[in-house]
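Chemist: Following this message is one structure expressed as structure tokens.
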Amino acid sequence: MRFIRLYSDTDGVSRFEDLEMAFAPREFVPPAPPFDVSEPIAASEYLMIRVPAGWSDSAHPAPARQLMLFMSGAFEVTAGDEIRRIAAGDIVLQENTRGPGHGTTALEDTIIAVVRLSETGETPGPLD
């Protein structure tokens, strides 16, 4: 499963990185047969946000390390010198909590599920 990481480089500039989350067969709901599950990520809270079309901010850091699951709508996000369209079905891991941050414009009314993550957790990635 692909997701987008939004992080701050060593100079504090926000950057995008495309990553892949791996799955491995596990017993998740015994006695049911195993199915593919990712590694767990420690989370502290969950919230939903609704952003109206036209909302815009030129630059802001992420308020916390968080996983954003785009449920509907679309954003245009600027990180450094790169611009991406993020839309329903996309997943963004925000880790750019320092520096000037990223710019955002809501292209459509957008609903996002936000899962706040542990500040010291590892970036999700392939299983060993």
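Chemist: Kindly indicate the residue of segment 14-43 that is of a type in the set (Val, Ile, Thr) and either within 12 Å of the chain's Cα centre (by Cα) or over 16 Å from Arg65 (Cα atoms) (or both) and also surrounded by the most Cβ atoms within 10 Å (Cβ to Cβ) among those meeting that condition. Let's see the steps before the verdict.
Modeler: Initial filter on segment 14-43 (of a type in the set (Val, Ile, Thr)): 29, 37, 41.
Next, from what is left, pick out any that are either within 12 Å of the chain's Cα centre (by Cα) or over 16 Å from Arg65 (Cα atoms) (or both): 29, 37.
Numbers: Val29: 10, Val37: 14.
Within segment 14-43, the match that is surrounded by the most Cβ atoms within 10 Å (Cβ to Cβ) is Val37.
Chemist: If you don't mind, another one. Looking at segment 78-86, can you tell me whether even one residue there is in contact with a Leu (Cβ under 8 Å, 6 or more places away or on another chain), surrounded by 14 or more Cβ atoms within 10 Å (Cβ to Cβ), farther than 21 Å from Ser118 by Cα and modelled with pLDDT of 95 or more?
Modeler: Residues of segment 78-86 in contact with a Leu (Cβ under 8 Å, 6 or more places away or on another chain): 79, 85.
Narrowing further to those that are surrounded by 14 or more Cβ atoms within 10 Å (Cβ to Cβ): 79.
Cutting the leftovers down to farther than 21 Å from Ser118 by Cα gives us 79.
Narrowing further to those that are modelled with pLDDT of 95 or more: 79.
Yes, that holds for at least one residue.
Chemist: To continue, here is another question. Surrounded by fewer than 14 Cβ atoms within 10 Å (Cβ to Cβ), assigned to a loop (DSSP other than H, G, I, E, B), in contact (Cβ under 8 Å) with a residue 24 or more places away in the chain and aliphatic (A, V, I, L, M), is that true of Ala59? Write out each step before concluding.
Modeler: Details: surrounded by fewer than 14 Cβ atoms within 10 Å (Cβ to Cβ): yes; assigned to a loop (DSSP other than H, G, I, E, B): no; in contact (Cβ under 8 Å) with a residue 24 or more places away in the chain: yes; aliphatic (A, V, I, L, M): yes.
Here the answer is no, as Ala59 does not meet what is asked.
Chemist: Moving on. Working only within segment 2-21, note down all residues that are more than 22 Å from Gly101 (Cα to Cα) and either part of a strand (DSSP E or B) or in contact with a helix residue (DSSP H, G or I) (Cβ under 9 Å, 6 or more places away or on another chain) (or both).
Modeler: At the first step, the residues of segment 2-21 found to be more than 22 Å from Gly101 (Cα to Cα) are 2, 20-21.
Arg2, Glu20 - these are the residues of segment 2-21 that are more than 22 Å from Gly101 (Cα to Cα) and either part of a strand (DSSP E or B) or in contact with a helix residue (DSSP H, G or I) (Cβ under 9 Å, 6 or more places away or on another chain) (or both).
Chemist: Regarding segment 22-35, can at least one residue be identified that is assigned to a strand (DSSP E or B) and touching a residue at least 24 places away in the same chain (Cβ under 8 Å)?
Modeler: yes
Chemist: Among all residue pairs at least 6 apart or on different chains, which show Cβ distances below 9 Å where the first residue, located in segment 75-91, is basic (Lys, Arg) and the second is surrounded by fewer than 14 Cβ atoms within 10 Å (Cβ to Cβ) and part of a loop (DSSP other than H, G, I, E, B)?
Modeler: Between residues of segment 75-91 that are basic (Lys, Arg) and residues that are surrounded by fewer than 14 Cβ atoms within 10 Å (Cβ to Cβ) and part of a loop (DSSP other than H, G, I, E, B), there is no close pair.
Chemist: Within segment 89-99, does at least one residue satisfy the condition of being at pLDDT 95 or above and more than 13 Å from the chain's Cα centre (by Cα)?
Modeler: Within segment 89-99 (the criterion being at pLDDT 95 or above and more than 13 Å from the chain's Cα centre (by Cα)), the answer is no, since none of the residues qualifies.
Chemist: Being among the polar types (S, T, N, Q) and farther than 23 Å from Thr105 by Cα narrows it down to one residue among Ser8, Ser56, Ser14, Ser44; which is it?
Modeler: Numbers: Ser8 fails: farther than 23 Å from Thr105 by Cα; Ser56 fails: farther than 23 Å from Thr105 by Cα; Ser14 fails: farther than 23 Å from Thr105 by Cα.
Only one candidate passes the filter, namely Ser44.
Chemist: So, one more: Would you point out which residue out of Ser72, Ser56, Ser118 is farther than 21 Å from Met1 by Cβ and among the hydroxyl-bearing types (Ser, Thr, Tyr)?
Modeler: Details: Ser72 fails: farther than 21 Å from Met1 by Cβ; Ser118 fails: farther than 21 Å from Met1 by Cβ.
After ruling out the rest, the residue left standing is Ser56.
The values are calculated or read from the model by the stated rules, or taken from the named source; none is laboratory data. All values reported here derive from a predicted model rather than from experimental measurement. Cβ: placed from backbone, ideal geometry, glycine included. Neighbour counts: every protein chain shown.
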